[in-house]
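Worksheet for the structure shown next.
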Amino acid sequence: MSQTLRIGGAVGAGLRRAMEDDPKVILMGEDVGKLGGVFRVTDGLQKDFGEDRVIDTPLAESGILGTAIGLAIRGWRPVCEIQFNGFVYPAFDQIVCQLAKMHYRSQGTVPLPIVVRIPCGGGIGAVEHHSESPEAYFAHTAGLKVVSCSNSHDAYWMIQQAIASDDPVIFFEPLRRYQEKGEVDTSGDLSQAYPLFSTKVEREGDDATVVAWGSMVKVAHDAATAAAEEGRSLEVVNLRTLSPLDMEPVYASVRKTGRMVVVHEAPSNVGIGAEIAARVTQDCFYSLESPVLRVTGYDTPYPAARLEEEYLPDLDRVLDAVDRTFGY
Amino acid sequence: MVNGDQNRAGPKKKAARGRKKPAAAATGPVDMVQLLTPEGERVSHPEYDVDLSDQQYRDLYRDMVIVRRLDAEGTALQRQGQLGIWASLLGQEAAQIGSGRALAKQDMVFPTYREHGVLWTRDIDPIMPFGLFRGIDLGGWDSRKYRFQMYTIVIGAQSLHATGYAMGITKDGKVGGDDGEAVIAYFGDGASSQGDVNESFVWASVYNAPVVFFCQNNQYAISEPVIRQAKAPLYKRADGFGFPGVRVDGNDVLATLAVTTRAMDNARHGNGPTFIEAYTYRMGAHTTTDDPTRYRDSGEVEAWRAKDPVSRMRTFLERQSIADTDYFDGIDAEAQQHALDLRERVIALPDPEPGAIFDHVYSGGSPLVEREREEFQAYHASFEGSEH
């Protein structure tokens with residue numbers, strides 16, 4: 001069974017199905033109830049599941065995460081919404097010191113099946129703190145799993161898989177793509193869905209590999225389409241999982257193409273692209289025809305909205321980097 | 001020991017504090033629930049009382065003597081190199097035993113790292129937290145089984161966990177009767193400044209969560225006196241959040257028992273949170289790494305020694321002929337035995353296997369962690385048979 005859903009709507013549909021399947025799943029966040037979230041991802045859920053399961057919280061992110069941890073210890077499965085990427089920092093201690101470490105500290109006796117949903121990235125002309133890509137902070141923290149969806153089908157299934165995970169999952173949603181439509185195959189169940197912590201080659205090619213996640217996957221596809229017109233065949237790898245990384249499909253691709261460009265919105269310095277480059281260098285050293293190159297946001301604070309098109313990686317910057325991999 | 005009636009609590013004590021200290025300035029004369037004076041005199045309070053048998057009085061005394069003795073063993077073990085660090089509860093026995101003994105079996109405790117006395121009241125083997133302080137584990141235990149959560153190091157973080165857990169009790173429909181469940185969150189005066197503690201007050205209030213916030217105001221956050229945390233008495237804060245706040249003499253085991261019992265019962269019956277400020281004093285150092293002589297004088301410590309929670313209870317038991325010298329000697333001997341037993345077992349605690357580094361990072365496993373485990377094992381295996 002297939003239906004056309006916007007990415008935001010697909011997350012909402014996935015949340016709805018998870019709540020139907022498991023009465024312990026609850027949603028918590030600012031404005032997630034009556035308003036349905038500022039992006040309407042949770043639209044209609046409070047009406048259908050009640051205020052006990054779709055909780056409009058006080059406006060304090062550490063409180064959202066901290067109480068979610070208590071609820072999870074009690075046996076609930078909270079899904080927390082952080083309204084915007086740059087608002088997650090007040091919850092940082094609860095995420096990296098408490099959420100990430102409880103299972104380890106407790107020697108496996110206290111799992112925390114909590115999902116933290118965060119709209120990620122820029123491109124919507126917002127004021128500051130609304131356009132950030134904080135995924136590296138969380139991928140750096142042992143005990144957390146970090147994933148990033150980029151299309152409607154993945155959004156629908158990945159959110160359900162994240163909720164079913166007994167480990168805490170930081171779930172990044174591509175903010176600027178919320179309104180983009182896509183086909184979602186809703187048939188089957190979680191066990192048949194593409195595995196959550198698995199990377200996927202979405203477009204096959206021979207000349208160079210472009211790795212991306214979240215909002216940048218579309219940029220990578222657009223670049224591959226444009227490159228094809230110029231006679232160059234790019235392989236597009238949608239990373240999907242940022243922690244743990246699923247490197248085998250990446251290695252296989254690089255061994256085939258010999259060239260790789262990693263694209264992400266977050267700044268380059270100590271970013272996830274650096275980790276991927278290091279691992280590819282270690283495991284595919286003799287296959288590489290050029291260094292791994294990165295196309296990323298700049299190592300500046302996220303700029304004012306009228307400058308963000310300059311800041312964000314786009315098709316031209318990706319193609320420019322691909323060209324440079326052929327210059328070695 | 002307590003000197004008798006000529007040395008009553010109240011304004012006279014102020015002179016004994018010697019040099020003017022900010023800790024004293026933070027706390028003007030306020031309404032403090034007290035049922036047992038520092039001199040061991042049983043007094044009444046218009047709202048709170050306890051109705052205990054002689055045996056129950058003796059048991060409270062016994063609890064305090066034993067946890068004090070075990071705590072001293074913790075300090076000694078650290079000094080002898082058997083522990084990396086120890087956080088002493090010395091002086092706070094009444095606050096911990098009184099509140100701990102107020103809990104019902106079904107209640108849940110969210111402690112800091114100093115709640116060894118509360119742990120004792122949950123009938124948990126006192127050795128349990130020693131793995132943390134010896135550095136052989138991170139203080140992990142099955143917190144749901146013991147109904148006593150793991151010690152939390154980050155100041156105040158557990159207050160939110162407690163509140164969330166309490167919200168979960170409400171969602172489970174487990175409030176409203178005598179068999180209802182409630183939660184107690186422990187923290188100190190320093191934590192009262194943390195955002196998490198204040199956020200937990202907001203959450204507990206607006207969701208009417210069955211949680212009691214038990215703040216042991218021991219006057220110091222390491223070196224900083226409570227005046228650095230609050231200009232107004234801490235218990236008054238609750239009013240602004242919309243639930244009751246009570247200050248109780250934290251060195252009075254009867255008063256802490258009475259006040260906590262009432263607060264927990266209110267919570268379990270669905271009447272929402274209470275903030276309890278147990279006014280006490282950290283007689284020892286913050287931890288074994290601390291040197292309190294750098295920030296407080298002996299006069300202040302001596303003034304608080306006169307309010308000692310254990311000796312005032314002993315005086316009471318003696319005066320009321322509830323216990324005699326033989327009894328006290330017997331308890332001391334029992335405490336000594338507990339301490340020696342603890343000592344032996346702590347020293348015998350084995351170091352963890354090196355590979356334990358990689359255990360339990362994730363519930364569902366991680367290819368990265370497993371790869372590093374394999375590399376680690378291969379690295380160590382490469383030395384087998386060689387001198388190293």
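Every number here is computed from the coordinates shown, using simple stated rules; none is lab data. What you see is a predicted model, and the numbers here were worked out from it, not measured in a lab. Here the Cβ is made from the backbone with ideal geometry for all residues, glycine too, and neighbour counts use every protein chain on show.
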Interchain or sequence-distant (5+) residues whose placed amide H lies within less than 5 Å of the amide H of A:R77 are A:V25, A:I26
Shielding of B:137-146 by other chains, given as the mean Cβ count within 10 Å, works out to 4
Table column - 3J(HN,Hα) (Hz), segment B:229-240, Karplus curve with 6.51, -1.76, 1.60, x for Gly and Pro: 9, 7, 8, 9, x, 4, 4, 5, 4, 4, 3, x
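Answer rounded, prolate or oblate for chain B, using the Cα gyration tensor with square roots of eigenvalues a ≥ b ≥ c: rounded when a/c is under 1.5, else prolate when a/b is larger than b/c, else oblate.
Prolate shape, in that a/c is at least 1.5 and a/b is the bigger ratio.
Before anything else, pin down the relative contact order of chain A: Cα pairs under 8 Å, at least 6 apart, normalised by residue count, whole percent.
Result for chain A is 16 percent.
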Which cross-chain or sequence-distant (5 or more) residues have an amide H under 5 Å from the amide H of A:E202, H modelled 1.01 Å from N in plane? A:V236, A:V237, A:N238
Give me the distance between the Cα centres of segment B:278-310 and segment A:297-328, rounded to whole Å. 60 Å
On Cα atoms only, tilt of A:272-283 relative to the major axis of chain A in degrees: 60 degrees
Given bins 10 angstrom wide, list per bin the percent of all Cα-Cα distances in chain A, short to long. 6, 27, 34, 23, 8, 1, 0
Could you sort the peptides B:218-227, A:162-171 by per-residue average Cβ neighbour count (10 Å cutoff), highest mean leading? A:162-171, B:218-227
Between A:Q192 and A:H129, the two model label points (7 Å from Cα along the beta-carbon direction) sit apart by a distance in nm of 4.5 nm
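Semi-axes of the equivalent ellipsoid of the protein assembly as shown: what are they in whole Å, largest first, if each equals the square root of 5 times a C-alpha gyration tensor eigenvalue?
In descending order, the three semi-axes are 55, 28, 22 Å.
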Please give the net charge around B:V109, taking every other residue with its beta carbon less than 9 angstrom from that of B:V109, where Lys and Arg add +1 and Asp and Glu add -1. 0
Once phi is turned into ³J(HN,Hα) by the Karplus curve 6.51 cos²θ - 1.76 cosθ + 1.60 with θ = phi - 60°, what whole-Hz value does each residue of segment A:251-263 show in order, with x for glycine and proline? 4, 4, 5, 5, 5, 7, 8, x, 9, 8, 10, 9, 10
What is the set of long-range amide H partners of A:V146 at a cut-off below 5 Å, with H atoms built 1.01 Å from backbone N? A:I170, A:L242, A:S243
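Return one quarter of the surface area of the convex hull spanned by the alpha-carbon atoms of segment B:129-175, equal to its mean projected area, in nm².
3.8 nm²
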Mean other chain Cβ within 10 Å across A:97-103 is 4
How shielded is A:194-200 by partner chains, expressed as the average number of their Cβ atoms within 10 Å of its Cβ atoms? 1
Could you calculate the FRET efficiency of A:C97 with B:I222 from 1/(1 + (r/R0)^6), where r is the beta carbon distance between them and R0 is 25 Å, rounded to 0.05? 0.85
Which of the pairs A:K24/A:K145; A:K101/B:K231; A:K181/B:K171 have their Cα atoms more than 29 Å apart in this structure? A:K101/B:K231; A:K181/B:K171
Sum of -39500 (n - 2.57) over DSSP H runs of 4+, divided by residues of chain B (222 nm, nearest 500): -12500 deg cm²/dmol
Find the all-direction average of the projected area of the Cα convex hull for segment A:5-156, expressing the result in square nanometres with one decimal place. 8.8 nm²
Segment A:200-325 shape via C-alpha gyration tensor axes, a/c threshold 1.5: oblate
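Multiply the residue gap between A:D283 and A:D320 by 0.36 nm, knock off their C-alpha separation, and tell me the result in nm, one decimal place.
10.8 nm
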